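A short worksheet on the structure shown next.
The values are calculated or read from the model by the stated rules, or taken from the named source; none is laboratory data. What you see is a predicted model; the values in this text were computed from it and never measured. Positions of Cβ are backbone-derived with ideal geometry, glycine not excepted, and every protein chain shown enters the neighbour counts. Heads up: the accessible areas ignore ligands, DNA and RNA and are worked out on the full protein's heavy atoms, side chains in. Shrake-Rupley method; radii C 1.70, N 1.55, O 1.52, S 1.80 Å.
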Amino acid sequence: MKCTRCGGVAVIQMRQHRLQLCEQDFIEWFTAMTRRTVDEFRMFTVTDPVLVAVSGGKDSLGLWDVLLRLGYEAEGVYIHLGIDEGLAYSDRSLEMCRAFVAQHQPQARLHVVDLGQQYGQTIPQLARTKTRGRGKACALCGLVKRHIMNRVARERGVAAIATGHNLDDEVAVLMQNTLHWQTGYLARQAPVLEEQDGLARKVKPLVRFYERETAAYTLIRGIDYIYDECPFARGSTTNRYKEVLNELERHSPGTKQQFYLQFLRARESGRIAFGEAERVRLQPCRRCGQPTTAGDLCAFCRLWE
Ligand code: AMP
Ligand code: FES
Ligand code: ZN
C-alpha cells in the first residue's frame, strides 16, 4: 500500500477520504485537519487559553498533543473518579496523563481533581448509595464530570473546554437521538456549544476523525494511553450503535461521516430547524452557583444531600 502523497509505505487507509498515508504524511494531515476544524467552527484562537479534559485515553491525549504542537495555550484537567473494579482504572489513567505531562515539558500543565478526596465519595460509592446498586454509574459519572469541568473552566478563566469526542462518538449519539427523536438533544448536538448563563463554552476539535484515526495519531506520536475502556461502559448502548455504524461503514465507506456532517450542514442551512421549545432555561444553583435547569439545587448538589 503506497502513500497517496509521497509514494512511501502507507500505514493507514482512509477510504472515506480516498487517502492512504505514510506515518509522516498522516501526522501532517491530522494536524492540518485539526487546525481546519478549530478555525472552521471558530472554536478558539492561538491567544485563547483552553482547558483540555483528559481521561488518559487515546482521543483526549492525542487532542492535547496536537493542540500543543499547533501552538495553542492548552492546559489539562483530569478528574479522578475513583474507579478501581480490580483494574485500578482511575489510577492507571492518571499515570498516563502524568507520563504525557512529563513527555511534554515545559508546555503541559495538568490539574487533577480527586472526587473521593475532595468531595468524599467516588463514582462506585455514589452508584451504590444513590442508585441502590442498579448500576447507573455512567449517567452519574457524566453529571459529575460535566459539573467539575465547568467549575475548573470558570476558575481558570479559559475560553473553552475541549473534549476528545471523535466522529464515532458523535455519530453514535446522533443515531441514538434520532431513533428516539430526542429533539432537545439533537438541537444541542454540535462541535461547539456556546457559553450560556455560566455554562462554559465547549468544543470538540476531533469531530472530523474516525476513532481509528485518533488511535493511529496517538500511537505514531509515541504517546502511551489506557487501552481499556471504563469497566462501567462495557456493553453500553453507545457501543452497540458504534458496532452497527461500523458495519454500515464497511459496506459503504463514508457513511458515518456523511450522516454526521450532513446533519450539521442541514441544521446550519436551516433545512432542519428546532424551535424555541428546545431552548433550555438555566438558573444558578442555590448552593454552588453553577447553572441548572432543575430549579433550586443542581443535580450535582442533590447528589450529596
Ligand atoms: P467519555 O465520556 O468517556 O466518552 O469521554 C469523552 C471526553 O470526556 C473525553 O474525550 C475527555 O475529553 C473527557 N473525559 C472523560 N473522562 C474524563 C476524566 N476522568 N477527566 C477529564 N476528562 C475526561
Ligand atoms: Fe464514568 Fe465510566 S468513565 S462510569
Ligand atoms: Zn449546585
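Of the residues making up the stretch 235-273, those that are in contact (Cβ under 8 Å) with a residue 12 or more places away in the chain, within 16 Å of ligand 2 (Cβ to nearest atom) and open to solvent by 40 Å² or more (accessible area, probe 1.4 Å) are 237, 238.
Would a scan of the stretch 86-103 turn up a residue that is small (Gly, Ala, Ser), in a strand (DSSP E or B), open to solvent by less than 20 Å² (accessible area, probe 1.4 Å) and within 23 Å of residue 300 (Cα to Cα)? Walk me through it before giving the result.
Taking the stretch 86-103 first, the residues small (Gly, Ala, Ser) are 86, 88, 90, 93, 99, 102.
Checking the rest, the ones that are also in a strand (DSSP E or B) come to none.
Checked against the condition, which is being small (Gly, Ala, Ser), in a strand (DSSP E or B), open to solvent by less than 20 Å² (accessible area, probe 1.4 Å) and within 23 Å of residue 300 (Cα to Cα), the stretch 86-103 yields no hits at all.
Taking the stretch 47-85 as the range and being more than 15 Å from residue 226 (Cβ to Cβ) and either of a type in the set (Lys, Arg) or in a loop (DSSP other than H, G, I, E, B) (or both) as the test, the residues that pass are 47, 48, 69, 70, 71, 72, 82. Tell me whether the stretch 193-209 contains one or more residues that are surrounded by 21 or more Cβ atoms within 10 Å (Cβ to Cβ), touching a residue at least 24 places away in the same chain (Cβ under 8 Å) and among the polar types (S, T, N, Q). Looking through the stretch 193-209, none of the residues is surrounded by 21 or more Cβ atoms within 10 Å (Cβ to Cβ), touching a residue at least 24 places away in the same chain (Cβ under 8 Å) and among the polar types (S, T, N, Q).
Look through the stretch 104-118, keep the residues that are open to solvent by less than 60 Å² (accessible area, probe 1.4 Å) and in a helix (DSSP H, G or I), and return whichever of them is nearest to residue 149 (Cα to Cα).
It comes out as 115.
Selection within the stretch 215-234: residues that are among the hydroxyl-bearing types (Ser, Thr, Tyr) and surrounded by 14 or more Cβ atoms within 10 Å (Cβ to Cβ). The member of this set that is nearest to residue 127 (Cα to Cα) is 225. Specify the residue that is farthest from ligand 1 (Cβ to nearest atom); the eligible residues are those in the stretch 121-142 that are part of a helix (DSSP H, G or I) and over 19 Å from residue 89 (Cα atoms). Among those that are part of a helix (DSSP H, G or I) and over 19 Å from residue 89 (Cα atoms), it is 129. Looking across the stretch 182-232, just one residue is among the small types (Gly, Ala, Ser) and touching a Pro at 6+ places or on another chain (Cβ under 6 Å), and that is 198. For the residues 33, 43, the requirement of being open to solvent by 10 Å² or more (accessible area, probe 1.4 Å), outside any strand (DSSP E or B), away from ligand 2 (no atom under 16 Å from the Cβ) and touching a residue at least 40 places away in the same chain (Cβ under 8 Å) singles out 33. Which one is farthest from ligand 1 (Cβ to nearest atom) among residues in the stretch 278-305 that are free of Cβ contacts under 8 Å to residues at least 40 places away in the same chain and open to solvent by less than 40 Å² (accessible area, probe 1.4 Å)? Ranking the candidates gives 295 first.
The residue that is surrounded by the most Cβ atoms within 10 Å (Cβ to Cβ), counting only those in the stretch 50-80 that are in contact with a Lys or Arg (Cβ under 8 Å, 6 or more places away or on another chain) and more than 16 Å from residue 192 (Cα to Cα), is 62. Selection over the stretch 1-28 of residues that are under 23 Å from residue 246 (Cα atoms) and either open to solvent by less than 20 Å² (accessible area, probe 1.4 Å) or not β-branched (Val, Ile, Thr) (or both) gives a count of 13. Do we have any residue at all in the stretch 148-157 that's in contact (Cβ under 8 Å) with a residue 40 or more places away in the chain, of a type in the set (A, V, I, L, M), assigned to a helix (DSSP H, G or I) and more than 25 Å from residue 284 (Cβ to Cβ)? No, there is no match, as no residue in the stretch 148-157 is in contact (Cβ under 8 Å) with a residue 40 or more places away in the chain, of a type in the set (A, V, I, L, M), assigned to a helix (DSSP H, G or I) and more than 25 Å from residue 284 (Cβ to Cβ). Going through (1) within 16 Å of ligand 1 (Cβ to nearest atom); (2) more than 23 Å from the chain's Cα centre (by Cα) one by one, residue 275 falls short only on (1).
Show me the helices (runs of 4 or more DSSP H) found entirely inside the stretch 204-292 where at least 1 residues are on the phi > 0 side of the Ramachandran plot. Here the list is empty. Based on this model, can you work out whether residue 173 counts as β-branched (Val, Ile, Thr), assigned to a helix (DSSP H, G or I) and either touching a Pro at 6+ places or on another chain (Cβ under 9 Å) or surrounded by 15 or more Cβ atoms within 10 Å (Cβ to Cβ) (or both)? Here the answer is yes, as residue 173 does meet what is asked.
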